[in-house]
Amino acid sequence: MRKILIALSGLYLVGTLSAQPAASVDDNHWRDFRRKLIWKGPLVKTLLSAGFNQVFNVPKEWDRGVEGYGKRVGNAVGQRAIKATVELTASHWTHEDLRYHRLGQGGFFRRVSHAAVGAFWVPRDNGNAASTLAVGRIAGAFTASMVSRAWMPPRVATFGAGMQAFAGNVGADVGLNIFTEFWPRKH
């Protein structure tokens, strides 16, 4: 029953997105959504995540064979799709610009703190100069972590394990911002 409810809520989210005319969703949101799902970056992240979990045999019920690796890749793809869908929906409604904006100058600790805060506090995309809480990013990480418990083995299909995955997702967002902050830019 739980899996049916989760699947129906996912269909509702997708239906909500597709029911809106394409012109009502800002092009930056759609571009960001596609970038989080289709491009080479998400593919590399998915394979690295699945490879990391394969090496450490997480969850151990999936074993270390080809089938286990396939389940881990499927898990990473599913979580990424759910996270991106929720982020797109929430950021569109709340006018959040979830792209990371580099500071690019200043001391090390100033840049690291800018990157860490940038995972939770983002500018608006509607011309308003004020920033806002990154509700889309937080909701996307939480939803992806909790919904993925539906296809996980029973040992890790718990709220506590979902919260651990949520913390890992948010930590990965912070880490990616820090990496982006210090990675040399193309000129």
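The values are calculated or read from the model by the stated rules, or taken from the named source; none is laboratory data. Quick caveat: nothing in here was measured; it's all calculated off a predicted structure. Every residue, glycine as well, gets a Cβ built from its backbone with ideal geometry; the counts of neighbours run over all protein chains shown. Ligands, DNA and RNA are stripped out before the accessible areas are found, and what is left, the full protein with its side chains, is counted by its heavy atoms. Shrake-Rupley method; radii C 1.70, N 1.55, O 1.52, S 1.80 Å.
Within region 161-183, residues that are farther than 19 Å from LEU133 by Cα have Cβ atoms under 6 Å from residues that are assigned to a helix (DSSP H, G or I) and open to solvent by less than 50 Å² (accessible area, probe 1.4 Å) in these pairs: GLY162/SER145; GLY162/MET146; GLY162/ARG149; ALA165/SER145; GLU181/ARG111; GLU181/ALA115, counting only partners at least 6 apart in sequence or on another chain.
Taking each residue of region 82-94 that is closer than 20 Å to GLY162 by Cα and looking for partners that are at pLDDT below 90 and of a type in the set (Lys, Arg) with beta-carbon atoms closer than 7 Å, six or more apart or interchain, yields ALA84/LYS36.
Considering the conditions (1) closer than 29 Å to LYS186 by Cα; (2) open to solvent by 40 Å² or more (accessible area, probe 1.4 Å); (3) not charged (D, E, K, R), TYR69 is excluded by exactly one of them, (1).
If you check GLY74 against the conditions, is it at pLDDT 75 or above, out of contact with any Gly (no Cβ under 6 Å at 6 or more places or on another chain) and within 20 Å of ALA157 (Cβ to Cβ)? Let's see the steps before the verdict.
Details: at pLDDT 75 or above: yes; out of contact with any Gly (no Cβ under 6 Å at 6 or more places or on another chain): yes; within 20 Å of ALA157 (Cβ to Cβ): yes.
Considered against the rule, which asks whether it is at pLDDT 75 or above, out of contact with any Gly (no Cβ under 6 Å at 6 or more places or on another chain) and within 20 Å of ALA157 (Cβ to Cβ), GLY74 comes out as yes.
Quickly run through region 81-101 and pick out the residues that are within 11 Å of SER148 (Cβ to Cβ) and crowded, with 20+ Cβ neighbours inside 10 Å. Write out each step before concluding.
Step one: list which residues in region 81-101 are within 11 Å of SER148 (Cβ to Cβ), which gives 81-83.
Within region 81-101, ILE82, LYS83 qualify.
In this structure, does GLU87 turn out to be of a type in the set (Asp, Glu), part of a helix (DSSP H, G or I) and over 13 Å from the mean Cα position of the chain (by Cα)?
Values: of a type in the set (Asp, Glu): yes; part of a helix (DSSP H, G or I): yes; over 13 Å from the mean Cα position of the chain (by Cα): no.
Taking the combined requirement at face value, the residue does not satisfy it.
Might you let me know whether region 140-162 holds any residue that is of a type in the set (Val, Ile, Thr) and closer than 20 Å to LYS45 by Cα? Yes: region 140-162 contains one or more residues that are of a type in the set (Val, Ile, Thr) and closer than 20 Å to LYS45 by Cα.
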